[in-house]
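Student: Have a look at this one.
Nothing in this text is a laboratory measurement; each read-out follows from the coordinates by a stated rule. Just so we're clear, the structure is a prediction, and the values are computed from it rather than from any experiment. All Cβ positions, even for glycine, are placed from backbone atoms using ideal geometry, and neighbour counts span all protein chains on display.
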Amino acid sequence: MAATEDRTPVSHHVPRPTQSLHVAPGPRHAGTRAPARSPARTVPAARHRDHGPVQGGNEAVEVSSHRSVSRGADNVVSKAVMEQFTPGTSVLKAADRLPGVSFSSTDPLGIDLWGASIYVRGFFMDQLGVTLDGIPLNDQTYESNNGLNIIQAAISDDIDRSIISEGPGGVTVPSTSTLGGTMQFETGDPKDKLGGKISQGFGSYSSFRTYARLDSGKLNSSGTKFMTAYSRSDEGMWAGGGSQFQQQVDAKLVQPIGQESVMKAFFNWSDLAEWNYWDTSLAMINGLGWRTPHLYPNYAKAYNYAAGNLALPTTDAIEENGDEPYLYDGGQHETNYTGGLNFDLALTDRLRWRSTLYGTSQTGYYTYSDTSTPSADTEAPFSQEVWQNRQERYGFTTSFLYKIANHNIDAGVWYENNNQEAGLFWYNEPTLGEGAPLKTVGPYNTYGKAFQQGYGFNWRTNNFAFHLQDTWRPVENLRVTAGFKSVLATTAGGASYNNPDYTGVDALPNGTMTASSAFLPHVGTSYHFLRHHEFYFDLAENMRTYQVLPNGVGNSPWSVQDQDAFRKLQHNVSPEKDWVYAVGYRYTDKLVQASLAGYHADARNRLQAATEGTILAPVSTVVPTTVHTNGVDAAITLTPIKGLAIYNSVSYNHSTYGGNITTSDGIYYTKGKKVVNFPQFMYKANLSYRWKGLETHFDVHYYSKRYYSYVNDTSVPGYWLASTGARYNFGKVGFAKNLSVDFNVYNLFNSKYISMMGQNGNPMSGDYQSLERGAVREFFGTVSAEF
């Protein structure tokens, strides 16, 4: 693929003095940072597994492997859909089957957090409400101080279903980031009988994955049961050296209380040690080709290049851009803990009390080789730059659900305390020939403690929300939901250490920001006016609290250049809000399932991070803007014979900026320009067939051109991406049950395409080193058995 630049005359750029708010030179990792079933049916809430109402009060029906059906704006992606993907694949990738959802990643499994992204109808993954077993996960982006990515919170094999709302989201979902939809993930309960499962997978580039699970079965007459699982994977990299290693432990306990109540406890530990794929630009792709990886493990080559003793290929466009194609390595190492305790108690036959107590802990190191800063205590011409982040979140949700006449009333509160830290450090690399070089996944102090610190930040955030919702059913086929939520979020803190030689300022941002709204309404209806026919409507106002990110990283008030700029924000900036409208029609029967949905959103006070400068010395501008969105999704699934399903969907999204953006270079005329990074048009098709123990599937997706710069003078072209797979279940063989073998091919036709865009920020105009390439064709096979 030849990446293209759609250059227009530069008359859009008028230099003039400006009062815009600028971020100091920031890091490279400165990311601006969603079996066949016979007739479609409403998913019942089994005893001791009452999942509670989905948002909006609209019933949800499973998206099985052979059909895609739902109620209202909610779609339930079943375990059967997730099992079509290679074991270990991110559950976010299963959501990509839905119209209006765009998931992309640099690796086939979607576990490289630096190179993975998900959009839902144009809303990015830091604008969605995300929960796991009722625990709010919030912001899903890389290096987030505001949440935890779902792949770090639970083993994908243990997630039973995903409820994806493409509407405005519901008031009952606890989240600091809900602007355009929600994703609620639920782990499966332990099984009633003693048993387990083992699977072993292999793949291209020496990839492997092991998964083992043990279920206790019911231990006593009250129904006590538990499960524990362990996964260990090492995904080989299709470009360059290194690997993407992850290991996780899940555990879950279920304790019924009487006949109608239950307590559930969940725990996860995860450890990630991943090399990332190096960022690229349009100039690098056109001038150097598709594969321009890190130089790891060739330390001598990286050393001599950084010392100026070795010339490597380049072009005039790369030099003009300020791109850096040749760094030694880059990646991350994270350790995460997640735990929760859920209570669902029947106080009377009309009143239920549901509560969740939870805590999460994340310690992360995000690194790359910095050729602009030589090691201080050795002769190495570069050093290892490391962002050290930590967050601990503790909180609870509690709500009462009361049934009276035709009403279901839900009232509850959510509280969370988040302690966040972020620091930037440089560590020595060894003199060539005098020791092993540092690895991007650590340890980093092999050649002494950090010789330089750029900054240190500490914050404390308190989130509080109250919701009240009534779901009214005046007649059997009509459901009306009305409610609101109140949100109060206060963050206090900021810079605790400043190195003026690095930041160039005397004082970094420090202070308090509060985001609040007393009344955020939500109204929804679901009307089954004829057999098989449904009409639905959703309307809500949403608010996202201020993101907490350090100097030079993303679109946060604390990311601006200095204390003076922060004080201006304190007086002049309001939290981002939007109005989201969704209306749709759905037809469902045994042979045909069809849907048509339209939506509109108006976002205001969106803090946008635009990037200028070079990859090693970027200057980001944080400015508020507005965004207007209109779109339509259509889907149809045909099930003409038993076991066969044919699915097609199309999506159109028209999102534009409502104003111009001012930087230190002047005004960029972005009003009316298309929003960056998201395709206007998507087409998706899936063909699946099941016969006895054999299951096969074929998927193909098309994503149209995506604009790269804010003024739309550069873009990446559209692309087709196809994958296929098959599984055969041999049933019981000896002591093994459900012995199965599956084989999957990712990127069947070896398409070349851009996956993630804007991970380092998007350029105002022209090109910038902030693109990630998608994975080449890869093969995976897995053998699994239950016992």
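Student: Label Asn462 and Arg291 with points 7 Å out from Cα along Cα→Cβ: what is the distance between them in nm?
Tutor: Rounded to a tenth, the inter-label distance reads 5.5 nm.
Student: Could you list which residues have their amide H under 5 Å from that of Ser765, counting only those 5 or more apart in sequence or on another chain, with H placed in the peptide plane?
Tutor: Tyr710
Student: For a label point 7 angstrom out from the Cα of Phe698 toward its Cβ, which stretches of segment 711-725 have the backbone nitrogen within less than 12 Å?
Tutor: Residues 722-725 fall inside that zone.
Student: Rule-of-thumb check for segment 294-335: C-alpha Rg over 2.2 N^0.38 Å?
Tutor: 1.37
Student: Also, quick follow-up: Efficiency by 1/(1 + (r/R0)^6): what FRET value for Ala311 and Phe681, r their Cβ-Cβ distance, R0 = 35 Å, to the nearest 0.05?
Tutor: Efficiency computed from Cβ-Cβ geometry: 0.20.
Student: A further question on this structure: For segment 10-786, with the dipole built from +1 on Lys and Arg beta-carbon atoms and -1 on Asp and Glu ones, taken about the Cα centre, which of Thr637, Phe185, Val91 lies farthest toward the positive end?
Tutor: Going by the charge dipole, the pick is Thr637.
Student: Separate question: Once the Cα gyration tensor of the chain is found, what semi-axes does its equivalent ellipsoid get, as square roots of 5 times the eigenvalues, in whole Å, sorted largest first?
Tutor: 40, 30, 27
Student: Now, a different point. Students often check this: by mean Cβ neighbours within 10 Å, which of 445-452, 313-320 ranks highest, and how do the rest follow?
Tutor: The densest-packed peptide leads the list: 445-452, 313-320.
Student: Report, in debye and to the nearest 20, how large the dipole of the chain comes out about its Cα centre when Lys and Arg carry +1 and Asp and Glu carry -1 on their Cβ.
Tutor: About 2880 debye.
Student: Quick check on segment 217-358: what are the equivalent-ellipsoid semi-axes from the Cα gyration tensor, as sqrt(5λ), descending, whole Å?
Tutor: Taking √(5λ) for each eigenvalue gives 54, 17, 11 Å, largest first.
Student: Around Glu772, under 12 Å between beta carbons, what's the net of Lys plus Arg minus Asp minus Glu among the other residues?
Tutor: -2
Student: Can you tell me how much longer the chain between Lys732 and Asn220 gets when fully stretched, taken as 0.36 nm per residue apart minus their C-alpha distance, in nm with one decimal?
Tutor: Here the answer is 181.5 nm.
Student: Kirkwood hydrodynamic radius (Cα pairs, Å) of segment 279-364?
Tutor: About 17.7 Å for segment 279-364.
Student: How big is the Cα convex hull of segment 394-445 in projection, averaged over all directions, in nm²?
Tutor: Mean projected area for segment 394-445: 6.9 nm², to one decimal.
Student: If you don't mind, there's one more thing I want to ask. Over all pairs of distinct alpha carbons, what does the Kirkwood formula give as the hydrodynamic radius of segment 453-603, in Å?
Tutor: Taking the inverse mean of 1/r over all distinct Cα pairs, segment 453-603 comes out at 18.8 Å.
Student: Where does each of Leu179, Leu596 land when they are ranked from fewest to most other beta-carbon atoms within 10 angstrom?
Tutor: Leu596, Leu179
Student: Another question, then. When the Karplus curve 6.51 cos²θ - 1.76 cosθ + 1.60 is applied with θ = phi - 60°, which whole-Hz ³J(HN,Hα) does each residue of segment 404-412 get, with x for Gly and Pro?
Tutor: Karplus values, whole Hz, x for Gly and Pro: 8, 6, 9, 10, 10, 9, 10, 10, x.
Student: So if we plug the beta-carbon distance of Tyr587 and Leu194 into 1/(1 + (r/R0)^6) with R0 = 30 Å, what FRET efficiency do we get, rounded to 0.05?
Tutor: The computed FRET efficiency comes out at 0.10.
Student: Any chance you could run the full-extension gain for Trp691 through Thr514? It's 0.36 nm times the residue separation minus the Cα-Cα distance, nm to one decimal.
Tutor: 58.0 nm
Student: So how far apart, in nm, are the two label points at Gln259 and Arg531 if each is 7 Å from Cα heading toward Cβ?
Tutor: With each label point 7 Å from Cα toward Cβ, the separation is 3.5 nm.
Student: Take Phe466, Phe202, Phe735, Phe566 and order them by how many other Cβ atoms sit within 10 Å, fewest up front.
Tutor: Fewest-to-most ranking of Phe466, Phe202, Phe735, Phe566: Phe735, Phe202, Phe466, Phe566.
Student: Within 12 Å, Cβ to Cβ, of Tyr652, how many net charges do the neighbouring residues add up to if Lys/Arg are +1 and Asp/Glu are -1?
Tutor: 0
Student: A follow-up question, please. Given the alpha-carbon gyration tensor of segment 262-301, what are the semi-axes of its equivalent ellipsoid in whole angstrom, ordered largest first, with each equal to the square root of 5 times an eigenvalue?
Tutor: 40, 17, 5
Student: If you wrap a convex hull around the Cα atoms of segment 339-467, how much volume per residue is inside, in Å³?
Tutor: Considering the Cα atoms of segment 339-467, their hull volume per residue is 127 Å³.
Student: Between Gln388, Leu739, Gly331, whose Cα lies farthest towards the positive end of the dipole of the chain when Lys and Arg beta carbons carry +1 and Asp and Glu beta carbons carry -1, centred on the Cα centre?
Tutor: Result: Leu739.
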